[in-house]
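Sharing a structure, written as structure tokens. Questions coming.
The values are calculated or read from the model by the stated rules, or taken from the named source; none is laboratory data. Nothing here was measured: the structure is a model prediction, and the numbers come from that model. Methodologically, a virtual Cβ is constructed for each residue, glycine included, from the backbone with ideal geometry; neighbour enumeration extends over all protein chains shown. For the accessible areas, the whole protein counts, side chains as well, though only heavy atoms, and no ligand, DNA or RNA atoms are used. Shrake-Rupley method; radii C 1.70, N 1.55, O 1.52, S 1.80 Å.
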Amino acid sequence: MDKKKIIIINGPNLNLLGKREPEIYGASGFEEYFLELQKHNSDLLIEYYQSNIEGKLVNKIQETEGKFDGIILNAAAYTHTSVAIHDAIGAISVPVLEIHISNIYKREEFRHKSIISSKCVGMISGLGLKGYQLALDYFKTIKRKK
């Protein structure tokens, strides 16, 4: 059986991990961590995409249809504002797991509401970068859609 394909899609400002507010987001950059994820999950094919631009994130979500078995989505600030990302998730059959490095419920009140959650299979929030591994573990356990 061929390997499941999972894509990690990160939204705005996550290209600054390791530099931006390390007390919230940690001191590691995502690219280094992504290499570790690939190394420790050789039973999966994992791709990574990051953009600060909402429309590019919508395009990437739409492009996953028929190509991926799952999406790990950290929409970052767009989590709280983007009806377009919500609608893109709803328009595809690929399951999306929402992830946040920080605990959004321990932050500013405007971050407590996720517009995209209702279209996602679940959410991981507040476990740092380790949440990405937990999301991969989840996708390992679910059956592929036919």
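Quickly estimate the mean residue ellipticity at 222 nm for the chain, helices only: each DSSP H run with n ≥ 4 gives -39500 (n - 2.57), and the total goes over all residues, rounded to 500.
-8500 deg cm²/dmol
Can you pull the semi-axes for the chain, root of five times each eigenvalue of the Cα gyration tensor, sorted largest first, whole Å?
22, 19, 13
Which percent of the accessible heavy-atom area of the chain goes to carbon and sulfur, probe 1.4 angstrom?
Carbon and sulfur atoms account for 53 percent of the accessible area of the chain.
To the nearest 0.05, how large is the calculated FRET efficiency for residue 40 and residue 77 if R₀ is 35 Å and r is the Cβ-Cβ distance?
0.75
Give the accessible surface of the chain per residue, rounded to a whole number of Å², with probe radius 1.4 Å and ligands, DNA and RNA excluded.
The answer is 53 Å² per residue.
Then there is this: Could you sort 40, 100, 86 by accessible area so the largest value comes first, with the probe set to 1.4 Å?
40, 86, 100
Also, I was wondering about something else. For residue 100, which sequence-distant residues (separation of 5 or more, or a different chain) have an amide H within less than 5 Å of its own amide H, given hydrogens modelled in the peptide plane?
Placed amide hydrogens put 124, 125, 126 under 5 Å from residue 100.
Let me ask something else about it. Starting from the residue with the highest accessible area, list 81, 64 in decreasing order, probe 1.4 Å.
81, 64
Additional query: Give the whole-number value, in cubic angstrom per residue, of the convex hull volume spanned by the C-alpha atoms of the stretch 47-125.
Convex hull of Cα atoms, per residue: 85 Å³.
Of 67/113; 5/119; 39/119; 19/119; 3/113, which sit over 24 Å apart, Cα to Cα?
In this structure, 67/113; 39/119; 19/119; 3/113 exceed 24 Å between Cα atoms.
Sticking with this structure for a sec: Amide H to amide H under 5 Å from residue 50: which residues, 5+ apart in sequence or cross-chain, H placed 1.01 Å off N in plane?
10
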